[in-house]
Every structure is written in structure tokens, then in C-alpha cells.
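Only one structure is covered here, and it is reproduced in the block below.
The values are calculated or read from the model by the stated rules, or taken from the named source; none is laboratory data. Because the structure is a prediction, the values reported are computed rather than measured. Every residue, glycine as well, gets a Cβ built from its backbone with ideal geometry; the counts of neighbours run over all protein chains shown. Side chains are part of the model used for accessible areas, which takes the heavy atoms of the whole protein and leaves out ligands, DNA and RNA. Shrake-Rupley method; radii C 1.70, N 1.55, O 1.52, S 1.80 Å.
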Amino acid sequence: MKFLAIDVGMGTQDILLYDSKKNIENCFKMVLPSQTQIVAQRISRETRAGRAIVLAGETMGGGPCVGAIRLHIEAGLAVYATEKAALTVNDNLEKVRDTGVVIVSEEEAGELNAARIEMCDVDKSALKKALGLFGIPLPDKFAVAVQDHGYSPGVSNRVFRFAYFRDIIKNGGSLNSFVYKGNTPPRFTRMKAVERTVPGALLMDTGFAAIRGALSGEDAKAPSLVVNIGNGHTLAGVVDNGVVLSLFEHHTHQMTAGKLDDYLMRLCNGTLGFKEVFDDGGHGSYIREAAGFDNIGSILVTGPNRSIMRRSHLDIRFAAPYGDMMLSGCFGLMDAYLNNIENQKGQP
């Protein structure tokens with residue numbers, strides 16, 4: 001069995017070609033620029049050339065590509081976009097129009113005298129070409145992680161995203177509760193876009209994929225406090241035998257070792273409140289059960305910005321499942337995919 005696990009971040013897309021006939025360490029892997037970085041570069045080239053652009057394709061992750069769109073408009077150049085592509089900028093299409101983006105139909109997009117830029121989180125054609133250069137065929141099965149705030153045109157996407165996490169955890173949710181294959185909630189428009197690009201894919205949020213991957217390492221001892229310090233967001237949770245006991249999410253650029261030490265200890269002890277994190281610009285915090293910091297079996301830190309915790313005073317372990325920290329999310333996807341297959345076998 002083979003499948004491609006793709007962890008789509010803001011800086012990189014991390015890729016693992018899982019092959020059941022190989023040891024995990026011998027499976028092929030790549031760390032490439034993320035699609036939002038690639039699209040941003042394409043937009044910037046057209047900005048320098050002074051050409052209008054039309055954005056087509058799917059809803060995808062924002063960040064760098066949205067920044068490039070704004071710079072293009074500030075340069076006095078036209079930006080057109082189909083509705084799906086425009087939702088990359090904002091869930092509220094009126095707010096998208098207010099930025100200067102002209103929303104057009106698919107038919108109109110094909111008739112415009114403008115440079116066409118395809119929006120997508122997974123570029124199957126590019127991956128097929130890249131693997132093909134080494135004689136490796138592109139698998140027909142995928143597991144993909146993206147960060148999806150959820151479709152929330154009338155409410156803060158931070159509130160909307162974290163409320164969903166809270167409700168799942170409140171009802172005793174496990175890590176499996178954040179895995180989707182054919183049952184992706186309609187609220188997750190970015191994941192739905194990936195489903196259209198790679199039909200049948202297993203989908204996860206990047207933060208939960210990283211947490212799950214970190215737990216597959218040798219240093220994991222339950223209950224574990226797992227911290228994923230990504231390029232954009234920091235997600236930390238206490239997990240006991242797959243059950244999520246507590247969780248908080250913030251923005252990485254606001255994190256320091258001292259602040260994280262404090263947040264993490266109070267997350268475990270049950271004293272880190274939602275309002276405190278949200279008012280500080282983060283997404284929030286929810287504690288269903290306080291494990292107690294003294295009861296934590298392991299503190300695992302992963303993510304491309306894990307170096308923030310080098311000055312931590314806590315007894316942390318930099319998680320490197322199967323010897324590769326950058327693929328923590330991919331290993332989480334791998335574990336979820338294999339677990340999903342096993343669960344299907346047990347069904348009548």
C-alpha cells in the first residue's frame with residue numbers, strides 16, 4: 001500500500017510517500033515551499049511585470065499569497081478572482097471586494113486579458129512531475145493536513161475555530177475525532193477544496209496532525225503535553241491515551257519561552273482561561289480535565305519554530321518521530337490513515 005501524506009503549512013509543505021513494503025525511515029520524503037509561498041511568488045512576478053492577474057482554482061491557505069495580492073493592488077494593478085479563489089482572502093466576499101479584488105465568474109475569468117494564477121493547496125501536476133523525475137509514480141491515495149479556521153463570514157474566525165475544538169473535546173473527543181475521510185464538516189471550506197482537488201483524501205488540521213505525529217515518537221509517555229510551534233500558530237494539548245484533555249492555541253510570533261512555560265503549566269493545572277488567551281490575540285483555551293502538571297509523563301515540542309523553547313525551564317523533549325522533526329505532521333497523517341483502515345476492517 002502506498003499513499004502520499006502532505007502537511008501543508010505557511011512556510012513549507014512537508015511530504016511523505018508511505019510505502020508499506022519499506023521501513024518508515026526508508027520511505028521517500030520532501031520538504032518544499034508551501035503553495036501559498038509559490039502563489040505569492042507568481043503574483044509578485046506579475047506585479048513587477050505590471051500585468052493584471054486573475055485568480056482561479058480553489059480556496060486555499062492565505063498568508064503570503066494574500067499579502068502579495070494586496071501589494072499588487074497597491075501597485076495600481078487589477079486583481080480579478082473567481083468566487084472560490086476569492087474566499088482565500090476572506091470568508092466575507094464584500095470585504096474581499098472592499099480590498100479592490102473584482103470577483104468574476106469562471107467564464108469571465110477565461111476571457112480576461114490577465115495573467116491566470118491557479119490557486120490550490122495541493123498541486124497534483126507539480127507533484128507528479130517532481131516524483132516522475134525520479135521514476136516514482138504519483139499514488140492515487142492521499143492524506144492531507146491544512147489549517148482551516150472554518151467558514152465564518154459574520155464572526156471572528158478565531159472564535160469560530162476554537163469553539164469547534166472546544167465542543168469536540170467537551171464531549172470526550174479523541175485525536176480520531178479530528179480525522180475526516182468522506183465526512184468533512186461543511187464548515188471547513190479549505191478542507192472541502194482539498195477534497196475536490198484530491199477526491200477521497202483523508203484530511204486533518206495541521207496542528208492535530210503534528211500532535212499525533214509527535215506522540216508516535218519514542219519519548220511519548222502518557223499523559224503527554226504536546227506543543228506544535230508552527231510558522232503561524234502554536235497549538236498545545238494534553239493527551240492521555242488518545243483522549244484530548246485540554247488545549248490552547250495562539251500565534252507563534254507572540255510566543256516566548258517564558259510565556260509558553262507559563263501557559264503550559266497552567267494548561268495542565270487547569271488555570272489557563274479562554275478569555276486570557278483570546279484577549280492576548282490568540283484563539284483560546286479549553287480545559288475539560290486538569291491533568292496536573294506534576295502528573296505529566298512527557299513534554300514533547302515539535303514544529304519549525306521549536307527553537308523558541310530552547311530557553312524553556314521545563315523538562316522538554318524535542319520530538320523527532322522516526323528521526324525527522326519536520327515530518328511530524330506527515331507521521332500524524334500516516335498514523336491516522338493506517339488507523340482509519342484498521343477501523344474500516346472492523347466494520348461489518
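Restricting the first member to the stretch 34-63 and to residues that are over 21 Å from residue 6 (Cα atoms), and the second to residues that are part of a loop (DSSP other than H, G, I, E, B) and β-branched (Val, Ile, Thr), the beta-carbon pairs closer than 6 Å and six or more apart or on different chains are 56/82.
Scan the stretch 53-100 for residues that are under 19 Å from residue 111 (Cβ atoms) and touching a Gly at 6+ places or on another chain (Cβ under 9 Å) and jot them down. Before the answer, list the steps.
Of the stretch 53-100, the ones under 19 Å from residue 111 (Cβ atoms) are 53-57, 77-86.
Of everything in the stretch 53-100, those that are under 19 Å from residue 111 (Cβ atoms) and touching a Gly at 6+ places or on another chain (Cβ under 9 Å) turn out to be 54, 56, 77, 78, 79, 82, 84, 85.
Within the option set 67, 63, being under 22 Å from the mean Cα position of the chain (by Cα) and on the phi > 0 side of the Ramachandran plot holds for one residue only, 63.
When the stretch 1-19 is filtered for residues that are surrounded by fewer than 24 Cβ atoms within 10 Å (Cβ to Cβ), touching a strand residue (DSSP E or B) at 6+ places or on another chain (Cβ under 8 Å) and within 28 Å of residue 68 (Cα to Cα), the ones remaining, listed by number, are 11, 12, 15. Only one of the numbered conditions (1) closer than 18 Å to residue 162 by Cα; (2) part of a strand (DSSP E or B) is violated by residue 272, and that is (2). Checking 29, 22, 84 one by one, the residue that is open to solvent by 60 Å² or more (accessible area, probe 1.4 Å), at pLDDT 95 or above and under 16 Å from residue 142 (Cβ atoms) is 29 and no other. Within the stretch 225-266, the set of residues being β-branched (Val, Ile, Thr), over 20 Å from the mean Cα position of the chain (by Cα) and part of a strand (DSSP E or B) comprises 243 only. Restricting 76, 63 to those that are farther than 23 Å from residue 232 by Cα and open to solvent by 40 Å² or more (accessible area, probe 1.4 Å) reduces the list to 76. Looking only at residues of the stretch 102-112 that are touching a residue at least 40 places away in the same chain (Cβ under 8 Å) and surrounded by 13 or more Cβ atoms within 10 Å (Cβ to Cβ), we find that the one that is farthest from residue 149 (Cα to Cα) is 112.
Of all residues in the stretch 326-340, those that are open to solvent by 40 Å² or more (accessible area, probe 1.4 Å) and either under 20 Å from residue 305 (Cα atoms) or without any contact (Cβ under 8 Å) to a residue 40 or more places away in the chain (or both) total 2.
Can you say whether residue 33 is in contact with a helix residue (DSSP H, G or I) (Cβ under 6 Å, 6 or more places away or on another chain) and closer than 30 Å to residue 323 by Cβ, as far as the supplied structure shows? Quick ask: steps written out before the conclusion?
Details: in contact with a helix residue (DSSP H, G or I) (Cβ under 6 Å, 6 or more places away or on another chain): no; closer than 30 Å to residue 323 by Cβ: yes.
The answer is no for residue 33.
Would you confirm whether any residue within the stretch 284-305 is within 29 Å of residue 157 (Cα to Cα), open to solvent by 30 Å² or more (accessible area, probe 1.4 Å) and part of a helix (DSSP H, G or I)? Scanning the stretch 284-305 turns up no residue that is within 29 Å of residue 157 (Cα to Cα), open to solvent by 30 Å² or more (accessible area, probe 1.4 Å) and part of a helix (DSSP H, G or I).
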